[in-house]
Amino acid sequence: MGMNLGDGGNEGGGFFGRQGMMSEINITPFVDVILVLLIIFMVTAPFAVSGVNVQLPQSRAKPLKLSGDPLVLSVTPQGLFYLQKIEVAEAELVPKIKAAIGNDKEASLYIRADKAVPYGKVMEAMGAAQAAGVAKIGMMGESRSPGKK
């Protein structure tokens, strides 16, 4: 907060004069904090795809550009299903997916299955997504270096 000291003469009542204290807000520190927060969110956003820890299989497929916040169904090595970061029982997959996509006719769902998950569990996840009315189903994996087999 700043002060206007005036001319210091007797005609304003002394030190503070007629003008008194200025009540203007200095927004520079506020802008600095907002910019730092913006940078933090920009740096951490790519790591926030999903919080479920799975070891994805490797693939030579080219990565796709994901638009918006994708709906992700993860399958852990223990056979547990997670819609985004919330554990979902196998019997509740279809209603939970339906609730997540709402009325979106072009909804897409990405499946992140650990490389140790049996093929049958992945098929159950795909079947539940199809039964829930998902238009596009994708599989997520890690990109493999060209030299690896």
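Worth pointing out:
- Among the residues of region 103-149, those that are in contact with a Leu (Cβ under 8 Å, 6 or more places away or on another chain), open to solvent by 60 Å² or more (accessible area, probe 1.4 Å) and at pLDDT 80 or above comprise LYS115, GLU124, LYS136, ILE137.
- Of everything listed in (1) within 17 Å of TYR82 (Cβ to Cβ); (2) part of a loop (DSSP other than H, G, I, E, B); (3) of a type outside the set (Phe, Trp, Tyr), the single unmet condition for GLU106 is (1).
- Apart from one condition, SER59 fits all of (1) at pLDDT below 90; (2) under 18 Å from the mean Cα position of the chain (by Cα); the exception is (2).
- Residue that is modelled with the highest pLDDT, among those in region 21-52 that are loosely packed, with under 10 Cβ neighbours inside 10 Å and of a type in the set (S, T, N, Q): THR28
The values are calculated or read from the model by the stated rules, or taken from the named source; none is laboratory data. From a predicted model like this one, the values you see are computed outputs, not experimental measurements. Positions of Cβ are generated from backbone atoms using ideal geometry, with glycine treated the same way; all protein chains shown enter the neighbour counts. What goes into the accessible areas is simple: the full protein's heavy atoms, side chains included, and nothing from ligands, DNA or RNA. Shrake-Rupley method; radii C 1.70, N 1.55, O 1.52, S 1.80 Å.
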